[in-house]
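Take a look at the structure below.
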Amino acid sequence: MDKPVQLNIPLTVSYSALEGVLRKQLVGMYIPRPEDGITDNPYAQVLDVGITGSRAGAYNVRLRVRLSILRTVLKRDKVELYASASLAYDNATQQVYVQQFSMESATSSGFYNTALEVLVNKVAYNQIIEKARIDLKPIIAKELEKVNSQLAEGMELKGLKLKGAVEAVTVQNIDAKPEGLSLRLLAQGTLEVAVYDLASLLPTKTE
């Protein structure tokens, strides 16, 4: 008999993997981004980016953005900005995105820090938010392929054997752990359930 079932699949994406994606999307980006017909020089260029877990209030990750300052008024060779961010997941696009964002500078000059934070929060905020989206479709597709491969052969659980295929996956929870970003996937599909050990499914008899 075919029955719709749901499977919870834990998935952890390492911070090094997330950094690899962010570097491809952010490194080399000019702030603000040059637009057609505008000749003004950008203020800064992104040199590097890093990400770690965080437990700072509502924020669950901490981003490090290394910039090369290009404008004379803010002339310093290189500076680092730190952003506390709250990540969320969009099931429609299968992308992790920045939901909340708070940027701070960490130079030795209070005035320079303020000027740089104003620049980033007013000029670069939407630009960084727009680019700091991580597409998890390939990772989720790989996990789904592994589960379907097991189900095609027959996945044995306690007293049961499941055969079939998972058809849809949604992310139910996202959390930053020390080793990486933890996701809880809810997989839904139509499976054939065969009971081969009924005794093991019965409640334990108490005296």
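Need the failing condition index for PRO10 against (1) more than 30 Å from THR170 (Cβ to Cβ); (2) modelled with pLDDT of 80 or more, just the number.
That leaves (1) as the condition not met.
Residue-wise test of (1) modelled with pLDDT under 70; (2) loosely packed, with under 11 Cβ neighbours inside 10 Å.
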residue	(1), (2)
ALA132	no, no
ASP135	no, no
PRO138	no, yes
VAL147	no, no
GLY159	yes, no
ILE174	no, no
LEU181	no, no
ARG184	no, no
VAL193	yes, no
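Would you pick out the residues in the range 76-93 that are in a loop (DSSP other than H, G, I, E, B) and modelled with pLDDT under 85? Full working, then the answer.
First pass over the range 76-93, keeping only residues in a loop (DSSP other than H, G, I, E, B): 76-77, 91-93.
Across the range 76-93, the qualifying residues are ARG76, ASP77.
The values are calculated or read from the model by the stated rules, or taken from the named source; none is laboratory data. Remember, it's a predicted structure, so these values are computed and weren't measured experimentally. All Cβ positions, even for glycine, are placed from backbone atoms using ideal geometry, and neighbour counts span all protein chains on display.
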